[in-house]
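The values are calculated or read from the model by the stated rules, or taken from the named source; none is laboratory data. Predicted model only: the values in this text are computed from it and were never measured. Glycine gets a Cβ as well: all are built from the backbone with ideal geometry, and neighbour counts include every protein chain shown. Accessible surface areas use protein heavy atoms only, side chains included; no ligands, DNA or RNA. Shrake-Rupley method; radii C 1.70, N 1.55, O 1.52, S 1.80 Å.
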Amino acid sequence: MARITHPKRALSTNPLKSSAPLGAAMAYLGIDGAVPLFHGSQGCTAFAMVHLVRHFKEAVPLQTTAMNEVSTILGGADQIEEAIENLRKKSAPKFIGIASTALTETRGEDVPGELKEIIGRRKDFADTRIVYASTPDFSGGLEDGWARAVEAIVDTLLPRVDPVFTGTNPRQVNLLCGAHLTPAEIEELVRIIRAFGLTPIVLPDISQSLDGHVSDNWSGTSLGGTTQPEIETMVESAFTLAIGESMRKSATLIEERAMIPSRVFQSVTGLKPVDAFIRTLMGLSGVQDVPPSIKRDRSRLIDAALDAHFHIGGTKVAIGADPDLLFGLSNCLAGLGAEIVTAVTTTTANPIAERVPAEEVLVGDLGDFERKASETGAAVLITHAHGRHAAARLHLPLLRAGFPIFDRLGAQDICRVGYRGTRAFLYEFANIIQSQHHRARAEDFGAAPVSEEFEHVPSATTH
Amino acid sequence: MTDTLKSKIADVFDEPACGHNVNKSEQQRKKGCAKPLTPGAAAGGCAFDGAKIALQPIVDVAHLVHAPLACEGNGWDNRGAASSGSELYRTGFTTDLTELDIVMGHGEKKLFRSIRELIAAHNPPAVFVYSTCVPALIGDDIDAVCKAATEKFGTPCIPVNAPGYVGSKNLGNKLAGEALLDHVIGTIEPEECTSYDVNIIGDYNLSGELWQVKPLFDRLGIRVLGAITGDARYRQVAMAHRARVTMLVCSKALITLARKLDERYDIPFFEGSFYGISDTSDALRTMCRMLVERGADAELLDRCEALIAEEEAKIWAQLESYRGRVEGKRVLLYTGGHKSWSVVAALQELGMEVIGTSVRKATEEDKGRVKDIMGDDKHMFENMSPKDMYALLKDAGADVLMSGGRSQFVALKAKMPWVDVNQEKHEPYAGYMGMVDMVHAIDRAVNNPMWADLRSAAPWEEPLPQQNPVMPPLRGICPVTNVSNDTEVGLSPRAPVMVADVAGFASSDTDFEDC
């Protein structure tokens with residue numbers, strides 16, 4: 001049980017967290033034909049968009065209600081309506097996900113009410129599904145914004161049904177993906193679920209939209225992602241698999257609406273967590289014997305762990321990430337004997353932070369991260385790309401994890417879940433340790449240097 | 001094989017200072033101590049390997065391997081001898097003999113040109129030229145080439161005549177010693193000699209093991225004059241003939257070198273080890289006693305005793321902190337076995353149970369001491385087949401295996417902690433401080449939380465609970481079996497179906513992948 005502490009300081013140095021609306025935008029981008037819309041000033045959107053583009057190396061559709069001083073004070077309902085109208089004209093989105101920002105939340109607008117009024121009045125908006133999530137910048141971080149957005153999607157788009165008379169597709173499961181999952185990770189989970197003969201409906205599915213693909217046409221909306229019909233059939237699923245503690249509320253919402261049982265997987269990285277995932281799939285598909293590829297992957301992971309534990313065991317690690325990612329990675333490494341000497345996270349909304357295998361989890365920034373990593377003698381840093389400055393100053397290697405990763409290509413391809421992904425992660429970590437070329441030095445042992453008398457003095461050669 | 005090489009081999013095998021050899025009959029002695037190799041059941045290194053191992057730790061010289069690519073290409077940069085100075089010894093130099101070189105007899109010329117290029121590029125204090133099977137077979141005379149090159153370039157070129165096929169790694173060690181005696185030792189005089197100069201033979205400073213004991217020498221004022229060859233400079237080796245005492249570390253192979261140093265230069269030697277606490281203390285005591293016998297001030301003995309008392313107390317205090325974490329752990333030792341009793345004693349002192357130790361290369365005396373420490377000889381064994389070891393470890397007869405790299409995977413595949421105590425290991429375990437490192441390594445290995453996870457049952461090895469027999473019916477076409485099972489589900493209440501009712505869901509050898 002980790003102690004959650006807040007550093008006693010006013011100044012935040014080098015932020016660790018990204019804002020909640022950005023997280024909401026990322027989640028919205030996992031819906032097919034979507035345009036996320038920030039209800040705020042245009043700068044809120046511009047910064048978030050640049051952030052997203054730098055990470056995904058993709059054109060990211062992201063729009064703004066472009067609030068100005070007057071509309072902020074008088075209320076932004078007109079701005080929202082106008083934005084929706086213009087977006088529909090320009091790119092005909094099937095889905096508009098609205099995320100509030102600090103600006104509009106500070107003023108305190110009743111956006112749900114206004115939106116209801118707009119949708120009721122504007123019948124021509126009917127073929128665009130509109131969802132709103134309250135994600136003020138001043139509360140929580142990326143993971144929270146993502147979670148709020150998924151809850152909003154579930155709440156707004158899942159049909160209200162009578163569970164008793166709803167048809168059930170017993171081979172269909174809902175897969176709720178937390179903010180910490182990359183497109184490749186979602187894909188890996190889907191692969192595993194399909195290997196059991198089950199069909200997952202992924203929400204939100206950024207593996208189809210932000211995976212970095214070239215499409216045949218240009219569109220002002222997200223290309224790929226969970227489709228509206230898919231979302232509607234979620235109520236027919238037999239089970240909901242929620243990945244990440246932050247997805248618990250969404251899973252509960254589905255459970256309440258459609259009587260679909262659920263299970264939250266706090267991590268799917270590491271042998272035991274994946275075992276639990278597999279076991280659940282065995283129960284759902286009713287098979288005692290799992291597909292050969294899964295068995296093989298597990299035995300490969302065990303071999304990888306055996307080889308990697310020499311490098312992981314006893315290594316002091318500093319991790320800074322959103323709670324779900326922090327827990328998943330630190331839990332996996334601690335399971336192989338690593339010592340999590342520094343754990344910094346972004347938000348207190350997620351109770352999983354308490355289960356991080358460290359004495360203390362700081363809710364702080366990269367400044368705290370750097371200071372504590374230095375104090376505790378960490379050998380490796382794990383955080384997003386902004387950690388590179390700390391890594392350079394501390395002369396430590398940086399394993400990039402989380403959002404944003406803008407100084408390396410292929411952030412969307414990183415896969416650290418499932419047996420395969422865990423194996424890759426263990427290798428990645430062990431290789432980082434090995435890449436720190438440690439060569440024994442006489443001084444380390446306190447041995448006096450070899451007398452100069454013995455050293456070779458190259459003569460001026462004569463040939 | 002040339003006659004000179006033949007007589008050299010006969011000479012190094014007849015070692016009067018070697019206990020094994022002295023006990024042999026005249027007839028056996030003539031055969032030499034090389035065990036005949038069994039085709040299909042041999043795995044050790046060759047004579048070239050042995051010579052390279054023994055000489056490569058001389059850090060500032062260039063090691064040039066006269067051979068087709070395999071000898072150096074497959075073998076370079078594979079050992080952890082550490083250097084506090086030049087890194088030239090890690091550079092892989094080879095003549096890379098090609099088919100044309102061999103057929104046309106260009107070997108010697110290519111070697112000479114290689115030496116010239118090497119000296120021009122790196123200007124080392126010396127070039128060690130290694131002969132290998134192919135040049136030896138086609139009759140390249142590396143002695144002549146080295147002599148010519150030395151004269152021409154003014155840089156000593158040392159021929160090391162130990163082609164692989166003449167014998168084992170052990171023999172290669174001996175031949176390397178001969179090369180040093182013939183061409184290096186005694187070629188340079190030190191600026192000044194002291195009564196505290198020693199030679200250390202047979203320590204290669206792997207991962208810095210020599211540095212773990214060097215601070216002890218530093219504090220006693222003892223100077224390592226001739227390092228053969230851990231972290232050595234060429235000039236040091238060349239001055240080895242002026243040392244007062246030689247310590248031969250854990251090595252029967254280089255005993256010939258130690259004896260010949262005694263005969264030629266009147267330097268007495270003793271055999272000692274830096275593995276284990278009591279061994280380290282014994283080695284220091286013996287060294288100081290012999291230095292005093294050879295003219296050092298007698299107060300050295302007192303300083304030595306004081307140092308030993310201080311270091312032992314310090315190290316036991318440090319080791320004590322590990323007691324709680326390693327107490328009661330069962331250790332299986334599988335090492336060369338020479339002097340393993342010293343390590344055994346320290347482990348037992350910390351409450352560990354040594355359930356077995358190999359005594360493959362141990363002398364009778366060592367075996368006796370193991371017996372004393374462990375109570376009886378039940379726990380000693382010569383060899384253990386990988387299969388038996390796997391079975392023993394799999395049955396959890398031990399908590400940790402300490403061995404060389406070859407049994408590493410026997411342990412790991414049995415999901416058993418393993419600590420590397422071989423020469424290729426990455427952590428140094430010598431002297432007093434090395435013992436702490438070793439116990440730390442044992443602690444880190446056996447107490448890794450990973451083992452419990454790895455040994456736990458796979459999800460499919462435990463039956464699914466019976467209280468949840470609800471099995472959803474298949475709808476559409478099963479992607480695994482392609483069985484169509486189109487049942488109309490429609491708007492009916494959920495109907496549970498028993499698991500047994502569903503057919504055709506067995507897994508097969510061919511795998512269903514992404515669809």
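As a summary of the residue check, B:Cys250 satisfies the conditions (1) touching a Gly at 6+ places or on another chain (Cβ under 8 Å); (2) under 28 Å from B:Asp437 (Cβ atoms); (3) modelled with pLDDT of 90 or more except for the one numbered (3). The residues in segment B:237-270 that are in contact with a strand residue (DSSP E or B) (Cβ under 8 Å, 6 or more places away or on another chain), open to solvent by less than 10 Å² (accessible area, probe 1.4 Å), part of a helix (DSSP H, G or I) and within 14 Å of chain A (Cβ to nearest Cβ) can be counted, and the count is 2. Of all residues in segment B:222-236, those satisfying the criterion of being at negative phi and either outside any strand (DSSP E or B) or open to solvent by 10 Å² or more (accessible area, probe 1.4 Å) (or both) are B:Ile222, B:Arg223, B:Val224, B:Gly230, B:Arg233, B:Tyr234, B:Arg235, B:Gln236.
Answer yes or no as to whether A:Pro136 is open to solvent by less than 50 Å² (accessible area, probe 1.4 Å), under 30 Å from A:Val70 (Cα atoms) and assigned to a loop (DSSP other than H, G, I, E, B). Answer is yes for this residue. No other residue among A:Ala321, A:Ala308 is open to solvent by less than 20 Å² (accessible area, probe 1.4 Å) and out of contact with any strand residue (DSSP E or B) (no Cβ under 8 Å at 6 or more places or on another chain) apart from A:Ala308.
Within the span defined as segment B:407-415, one or more residues are modelled with pLDDT of 75 or more, assigned to a loop (DSSP other than H, G, I, E, B) and within 14 Å of chain A (Cβ to nearest Cβ). Candidates are the residues of segment B:273-295 that are open to solvent by less than 10 Å² (accessible area, probe 1.4 Å) and outside any helix (DSSP H, G or I); the one that is farthest from B:His241 (Cα to Cα) is B:Gly276. Tell me, yes or no, whether segment A:197-206 has at least one residue that is open to solvent by 10 Å² or more (accessible area, probe 1.4 Å) and farther than 19 Å from A:Gln172 by Cα. For segment A:197-206, residues open to solvent by 10 Å² or more (accessible area, probe 1.4 Å) and farther than 19 Å from A:Gln172 by Cα: absent. Segment A:245-321 holds helices (runs of 4 or more DSSP H) entirely within its bounds, and those carrying 3 or more residues that are without any contact (Cβ under 8 Å) to a residue 24 or more places away in the chain, of a type outside the set (Phe, Trp, Tyr) and facing chain B (nearest Cβ under 9 Å) map to A:271-285, A:292-312. Regarding segment B:164-184, can at least one residue be identified that is out of contact with any Lys or Arg (no Cβ under 8 Å at 6 or more places or on another chain), within 20 Å of B:Val59 (Cβ to Cβ) and within 14 Å of chain A (Cβ to nearest Cβ)? The answer is yes, given that some residue of segment B:164-184 is out of contact with any Lys or Arg (no Cβ under 8 Å at 6 or more places or on another chain), within 20 Å of B:Val59 (Cβ to Cβ) and within 14 Å of chain A (Cβ to nearest Cβ). Counting only helices (runs of 4 or more DSSP H) that sit completely within segment A:13-114, those holding 1 or more residues that are at pLDDT 90 or above and open to solvent by 30 Å² or more (accessible area, probe 1.4 Å) correspond to A:42-56, A:69-74, A:77-91, A:102-107.
Restricting attention to segment A:333-355, does a residue exist that is outside any loop (DSSP other than H, G, I, E, B) and polar (S, T, N, Q)? Yes, there is a match, as at least one residue in segment A:333-355 is outside any loop (DSSP other than H, G, I, E, B) and polar (S, T, N, Q). For segment A:437-447, filtered to residues that are part of a loop (DSSP other than H, G, I, E, B) and open to solvent by less than 80 Å² (accessible area, probe 1.4 Å), the residue that is nearest to A:Thr182 (Cα to Cα) is A:Arg439. Scanning segment B:416-440 for residues that are of a type in the set (Gly, Ala, Ser) and either surrounded by fewer than 17 Cβ atoms within 10 Å (Cβ to Cβ) or at the interface with chain A (Cβ under 9 Å from one of its Cβ atoms) (or both) gives a single hit, B:Gly431. If you go through segment B:442-463 and keep only what is within 8 Å of chain A (Cβ to nearest Cβ), in a helix (DSSP H, G or I), touching a helix residue (DSSP H, G or I) at 6+ places or on another chain (Cβ under 8 Å) and not charged (D, E, K, R), you end up with B:Met450, B:Leu454, B:Pro459, B:Trp460.
Among the conditions (1) closer than 18 Å to B:Ala162 by Cβ; (2) assigned to a helix (DSSP H, G or I); (3) modelled with pLDDT under 80, the only one that B:Ala10 does not satisfy is (3). With respect to (1) assigned to a strand (DSSP E or B); (2) touching an Asp or Glu at 6+ places or on another chain (Cβ under 8 Å); (3) of a type in the set (S, T, N, Q), the lone exception for B:Asn199 is condition (2).
Might you let me know whether segment B:64-79 holds any residue that is within 14 Å of chain A (Cβ to nearest Cβ) and at pLDDT below 90? Scanning segment B:64-79, I find at least one residue that is within 14 Å of chain A (Cβ to nearest Cβ) and at pLDDT below 90, so the answer is yes. Looking at (1) hydrophobic (A, V, I, L, M, F, W, C); (2) part of a helix (DSSP H, G or I); (3) open to solvent by 10 Å² or more (accessible area, probe 1.4 Å), which is the only condition B:Leu180 fails? Of the numbered conditions (1) hydrophobic (A, V, I, L, M, F, W, C); (2) part of a helix (DSSP H, G or I); (3) open to solvent by 10 Å² or more (accessible area, probe 1.4 Å), the odd one out for B:Leu180 is (3). Scanning segment B:197-211 for residues that are over 15 Å from B:Phe274 (Cα atoms) and either hydrophobic (A, V, I, L, M, F, W, C) or more than 13 Å from chain A (Cβ to nearest Cβ) (or both) turns up just one, B:Val198. Checking the stated criteria, A:Glu370 turns out to be away from chain B (no Cβ under 14 Å), in contact (Cβ under 8 Å) with a residue 40 or more places away in the chain and open to solvent by 10 Å² or more (accessible area, probe 1.4 Å). When segment A:431-451 is examined, which residues are found to be at the interface with chain B (Cβ under 7 Å from one of its Cβ atoms) and among the hydrophobic types (A, V, I, L, M, F, W, C)? Of everything in segment A:431-451, those that are at the interface with chain B (Cβ under 7 Å from one of its Cβ atoms) and among the hydrophobic types (A, V, I, L, M, F, W, C) turn out to be A:Ala440, A:Ala442, A:Phe445, A:Ala447, A:Ala448, A:Val450. When segment B:296-305 is filtered for residues that are surrounded by 15 or more Cβ atoms within 10 Å (Cβ to Cβ) and free of Cβ contacts under 8 Å to residues at least 40 places away in the same chain, only B:Leu301 remains. Within segment A:397-426, being assigned to a helix (DSSP H, G or I) and open to solvent by less than 10 Å² (accessible area, probe 1.4 Å) holds for A:Ala411, A:Gly418, A:Tyr419, A:Gly421, A:Thr422, A:Phe425, A:Leu426. Just to be sure, is B:Val237 out of contact with any Ser or Thr (no Cβ under 8 Å at 6 or more places or on another chain) and among the β-branched types (Val, Ile, Thr)? No, not satisfied. Scanning segment B:372-395 for residues that are open to solvent by 50 Å² or more (accessible area, probe 1.4 Å) and either closer than 22 Å to B:Val326 by Cα or in contact with a helix residue (DSSP H, G or I) (Cβ under 9 Å, 6 or more places away or on another chain) (or both) turns up B:Asp372, B:Ile373, B:Gly375, B:Asp377, B:His379, B:Pro386, B:Lys387, B:Tyr390, B:Leu392, B:Lys394, B:Asp395.
Scanning segment B:95-144 for residues that are within 12 Å of chain A (Cβ to nearest Cβ) and surrounded by fewer than 18 Cβ atoms within 10 Å (Cβ to Cβ) yields B:Arg116, B:Glu117, B:Ala120, B:Ala121, B:His122, B:Asn123.
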